[in-house]
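Contents: one structure, followed by commentary.
Every number in this text was worked out from the coordinates using simple rules, so none of it is lab data. These numbers come from a predicted model, not from an experiment. For neighbour counting, all protein chains shown are included, and Cβ atoms are generated from backbone atoms with ideal geometry for every residue, glycine included.
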Amino acid sequence: MAYPPLVRLNSEDEYRRWFLTKYCSDRTVVTHDGIPVKFREHHFKHAFYEAANRQCGDKSVFSMERAERIDWIEAALADSTAERYVGYDKRKKCAMPFRRVSVWNGDYVVIIEMEKEGGAAFVTAFCAGPRTLAQIRSNPEWSTKQNGR
């Protein structure tokens, strides 16, 4: 599947409005396998900010590179050919069976978390480097049996 074009806006505020309109409005984004995904306003910061210092992981710097790919999130969730893996908790050093990590078109990652009441919540999205992709791909593949809690 081809990437949607990059979205080129002038400011963080414009990207925030785009995110709120496209993803947080009443419109529902549904994965290729029928899971409705909820997007909340606070997800914007996690998805479109990066750490100024990787050691701190503070997520304090707006990332234009991430923001330009804002429309890729929906495309990745809708593509049945994306690779899907079980998430991983780095702090606890264990699998997160209710987190689904999709790798789309080779290096674009979208993470969602299954919710108890059904559906899922968006967590984040980013372009991953070779090391991160290798870590993701070392996790078990996602099974459709895991679509609920």
With 10 angstrom as the radius, rank His42, His32 by how many other C-beta atoms surround their C-beta, starting from the fewest. His42, His32
Net dipole in debye of the chain [+1 Lys, Arg Cβ; -1 Asp, Glu Cβ; about Cα centre; nearest 20]: 580
Proximal aspartates and glutamates relative to Lys38, as straight alpha-carbon distance under 19 Å, when same-chain residues fewer than 8 apart are discounted: Asp26, Asp71, Glu74, Asp79, Glu113, Glu115, Glu117
Give the order of Thr21, Thr124, Thr31 when sorted by the count of other beta carbons within 10 angstrom, beginning with the fewest. Thr21, Thr124, Thr31
For the stretch 40-98, give the magnitude of the charge dipole about the Cα centre (Cβ charges: +1 Lys/Arg, -1 Asp/Glu; no others), in debye to the nearest 20. 480
For the chain the mean separation of alpha carbon contacts under 8 Å (6+ apart) over residue count, i.e. relative contact order in percent, is 22
Multiplying the sequence separation of Leu133 and Ala52 by 0.36 nm and subtracting their Cα-Cα distance, what value in nm do you get? 27.0 nm
